[in-house]
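No lab work stands behind these numbers, since they all come straight from the coordinates. Everything numeric in this text was worked out from a predicted model, so none of it was measured. Glycine gets a Cβ as well: all are built from the backbone with ideal geometry, and neighbour counts include every protein chain shown.
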Amino acid sequence: MRTALVTGAAGFIGFHTCRALLGAGWQIAMADDEPASRQAFVQAGVAEDAQALVVGLTQPWSWQRDFAAGRASGYWEASFGRWSSELDDGQRSSAWVTQLGVTPVLRWQPRTWGERGFVEAGIGANLLLPIYRSRDKRFSTAFNFGNHIAIGWRLGAQRRHEIALRVQHFSNAGIRHPNPGEDFVQLRWAWRA
């Protein structure tokens with residue numbers, strides 16, 4: 001049996017090349033120029049009465065699966081952020097909250113989007129100190145879940161940068177009331193470390 005070395009096997013063309021060669025009875029050795037590596041990120045977000053600036057690091061999972069329609073993979077995200085909320089309590093006009101979070105994230109890269117486009121979703125644990133409050137909302141716990149969905153695009157010749165539009169919801173999932181939640185629209189820039 002003959003063996004073919006296919007570089008860029010994770011991409012659209014590489015995937016279809018592997019499929020054709022396997023169908024013709026070849027053995028495949030795959031090489032990919034896209035090793036999973038850590039990323040650093042910065043993201044800015046806005047909510048009804050708050051703004052957030054968040055920085056963090058990601059660590060890819062060793063797990064990934066290729067399907068005919070795309071690739072599933074994931075990563076761990078560790079984040080540190082600062083929220084500023086608008087108040088009207090007669091004493092202060094704004095309040096600061098520190099966010100610490102850990103989130104497992106599942107990513108899907110559709111083959112029809114080439115090697116660059118992706119969607120993702122995650123649900124993680126966050127600590128908000130002091131307890132978040134704004135003009136119209138007051139959380140009842142420092143512990144909150146943060147879940148997000150995102151769509152993004154990988155940039156550059158080696159796809160070392162990413163930009164993503166995210167929607168993220170924070171709440172305590174009904175552990176204690178009141179539980180008004182807060183929804184952010186975020187823009188994230190990430191780069192391989």
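Residues in segment 139-154: is at least one closer than 21 Å to SER37 by Cβ and among the charged types (D, E, K, R)? There is at least one residue in segment 139-154 that is closer than 21 Å to SER37 by Cβ and among the charged types (D, E, K, R). Of all residues in segment 135-193, which are among the basic types (Lys, Arg), surrounded by 17 or more Cβ atoms within 10 Å (Cβ to Cβ) and outside any loop (DSSP other than H, G, I, E, B)? Hits for segment 135-193 are ARG154, ARG166, ARG188, ARG192. For segment 118-159, filtering for residues that are basic (Lys, Arg) and more than 23 Å from ARG82 (Cβ to Cβ) leaves 2.
Table: residues versus (1) closer than 18 Å to ALA44 by Cα; (2) of a type in the set (Asp, Glu); (3) over 13 Å from the mean Cα position of the chain (by Cα).
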| position | (1), (2), (3) |
| --- | --- |
| ARG82 | yes, no, yes |
| PRO110 | no, no, yes |
| GLU115 | no, yes, yes |
| GLU120 | yes, yes, no |
| GLY146 | yes, no, no |
| GLU162 | yes, yes, no |
| VAL167 | yes, no, no |
| PHE184 | yes, no, yes |
| TRP191 | yes, no, no |
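Segment 38-134 holds strands (runs of 3 or more DSSP E) entirely within its bounds, and those carrying 3 or more residues that are without any contact (Cβ under 8 Å) to a residue 60 or more places away in the chain and surrounded by 20 or more Cβ atoms within 10 Å (Cβ to Cβ) map to 70-86, 94-110, 117-129.
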